[in-house]
Amino acid sequence: RIAIQLWGVETIRHEGVQESQALALLGVRLKRSERSGRVTGVELIPRAELGRPRVDVVLHATSLYRDTFPILLTLLDRAVQLAAAAPEEDNPVRANVEALAGQLVKEQGMAPAEARRRARVRVFCEPSGRHDSKVAWMASASGSWETEDQFADNWIRRMSFGYGSGFWGEPMQAEFRSALAGTEAIVHTRSTKLYGTLDNDDYFSYGGSIAIGLADGNFQLNRQPGW
């Protein structure tokens with residue numbers, strides 16, 4: 001599993017590099033109009049052509065991204081749905097969806113169809129109409145909390161609203177925790193030198209906060225060259 005941080009301003013700068021990464025990891029490619037070249041949708045790359053297992057991806061979007069590029073959230077969700085439905089035995093997206101769906105049925109008494117629908121959500125953000133993760137506020141008010149678990153719980157409550165699989169801003173704490181569990185790397189692009197990573201709170205408020213919010217207590221970030 002890989003977590004990708006989606007920033008609206010970064011997408012404008014790099015023109016879709018991280019979205020392309022997400023599609024490639026999922027094993028999905030764009031479909032384009034032959035006449036205009038415009039994107040018309042997505043299609044699954046066959047397993048034999050892909051040459052490797054698909055990678056489960058959780059997409060953590062900022063509210064600016066959600067409001068500026070809702071069409072991209074929809075496109076990425078379609079890619080997730082295709083990957084989750086691919087029948088290969090070594091498909092971790094499908095395996096993780098089925099595991100969470102079973103958990104939701106067993107622990108919350110959810111109907112199987114609803115559980116599968118919620119388990120396929122991979123895009124999370126603040127609730128619709130709201131902005132800011134509030135991580136910077138929590139960091140500056142460090143005297144108001146004692147442990148990192150408290151900090152993480154507040155962040156998850158703020159950011160665990162699902163977008164996709166027919167939902168738009170649905171509260172999904174259990175689904176968000178499950179989507180983050182087992183994450184091996186966090187990807188966040190920085191395509192400008194105008195600001196450094198310590199110049200403002202945006203970097204730790206979003207990309208950095210994913211690490212502290214991970215449900216898997218044994219999380220270790222693998223720093224790969226070029227990431």
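We did not get these values from a lab; they are worked out from the coordinates using the rules stated. Predicted model, so just to flag it, every value in this text is computed and none were measured. Glycine also receives a Cβ, built like all others from the backbone with ideal geometry; neighbour counts cover every protein chain displayed.
Structure data summary
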read-out: Loop chymotrypsin sites (Phe, Trp or Tyr not before Pro), segment 86-155 (other Cβ atoms within 10 Å of the site Cβ: 15 or fewer; DSSP); value: W145
read-out: Inter-label distance, nm, simple model (7 Å from Cα along the C-beta direction), E43/T74; value: 2.1 nm
read-out: Value of [θ]222 nm, deg cm²/dmol, for the chain, DSSP H segments ≥ 4, -39500 (n - 2.57) each, nearest 500; value: -13000 deg cm²/dmol
read-out: GluC sites (Glu not before Pro) lying in DSSP loop within segment 1-72, provided at most 13 other Cβ fall within 10 Å; value: E15, E34
read-out: Additional length obtainable on full extension of the chain from E146 to T192, 0.36 nm per residue less Cα span; value: 13.0 nm
read-out: Listed candidates [x] 32, 23, 15; [y] 36, 23, 15; [z] 27, 23, 17 - label of the one calculated as semi-axes √(5λ) of the Cα gyration tensor in Å; value: [z]
read-out: Charge dipole (the chain, unit charges on Cβ, about Cα centre) - positive-most of M172, G37, S128; value: G37
read-out: Label-to-label distance, nm, for residues given as Q173 and V105 (7 Å Cα→Cβ offset); value: 2.5 nm
